Every structure is written in structure tokens, then in C-alpha cells.
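No lab work stands behind these numbers, since they all come straight from the coordinates. Only a predicted model underlies this, so the values are computations on that prediction, with no experimental measurement involved. Don't worry about glycine lacking a Cβ; one is built from the backbone with ideal geometry, like all the others, and counts go over all protein chains shown.
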Amino acid sequence: MSELELGCCGAYCRTCKVYIENLCKGCKIGYVDGTRDLAKAKCQIKICCISQNYASCADCIEYRQCETINNFYNHQGYKYKKYKQAIEYIINAGYEAFFQIADEWENAYGKYE
């Protein structure tokens, strides 16, 4: 699995139909290698994560106190809580364990064993 297929916020891109059909570049593709201009990005989570050279917000020691990511997770909707759960899982179990579970999902989030 590629960390490019994990959104900075915890969304798992590999199961997203729009991403699979190449209609979405994901939140990191092009920014990480410099082919897209990060200065033009609108997502503050992406800007912070990529500029810090993090694979996701799970790598940030200030994650739990970060107003930007926590405001995102506080949006209405089930998916935001699941994205937060993904980051928490990565913090506790690591990326390899996350990708092993996430590869079985049918959505950008799923269940943990």
C-alpha cells in the first residue's frame, strides 16, 4: 500500500470510486512530488501535513490539540468520526496494520478488528 492512498485526515483513497476511476488525484498526489503547487491548495489539513512531510496527521505530535483537524472531525456526518478513528488506529498500531485492515474495506472507512 502507498501512503499516497491515505488522506492526511485519515480517509482511505484506494476504495473511493472517484479515485479509482482517476477522476480525483487524492489529497497528496502531485503535491508530494512537486507537480502540483501546494501554495494553491485550499485544504489547511493538506497544507500542514504535506509541508511537515507527514504521511498523515497521525505523524504529528500536536494532533490531539490541533484546532484545524479537530474542527474537521467535528463536522456533522459519520465519515468524519471514522476518519478520526483511522488516525487514532494508525497512532496506536502503525501504518502497516492500518493498510492490512483498510485493504478489505469497500469505502473510505471501515471496521477495525
#### Entry: Unmet requirement for Phe72, which otherwise passes all of (1) assigned to a loop (DSSP other than H, G, I, E, B); (2) touching a residue at least 40 places away in the same chain (Cβ under 8 Å); (3) not aliphatic (A, V, I, L, M)
(1)
### Task
Could you please tell me which pairs satisfy a Cβ distance under 9 Å, a separation of 6+ or placement on different chains, a first residue in the stretch 4-28 that is surrounded by fewer than 21 Cβ atoms within 10 Å (Cβ to Cβ), and a second residue that is of a type in the set (Lys, Arg)?
Leu4/Lys28; Glu5/Arg14; Glu5/Lys28; Tyr19/Lys25; Ile20/Arg14; Leu23/Lys17; Lys25/Arg36
### Query
If we scan the stretch 42-62, do we find a residue that is under 13 Å from Cys8 (Cα atoms) and in contact with a strand residue (DSSP E or B) (Cβ under 8 Å, 6 or more places away or on another chain)?
yes
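Across the stretch 1-27, which residue is farthest from Gln85 (Cα to Cα) among those that are charged (D, E, K, R) and out of contact with any strand residue (DSSP E or B) (no Cβ under 8 Å at 6 or more places or on another chain)?
Result: Glu21.
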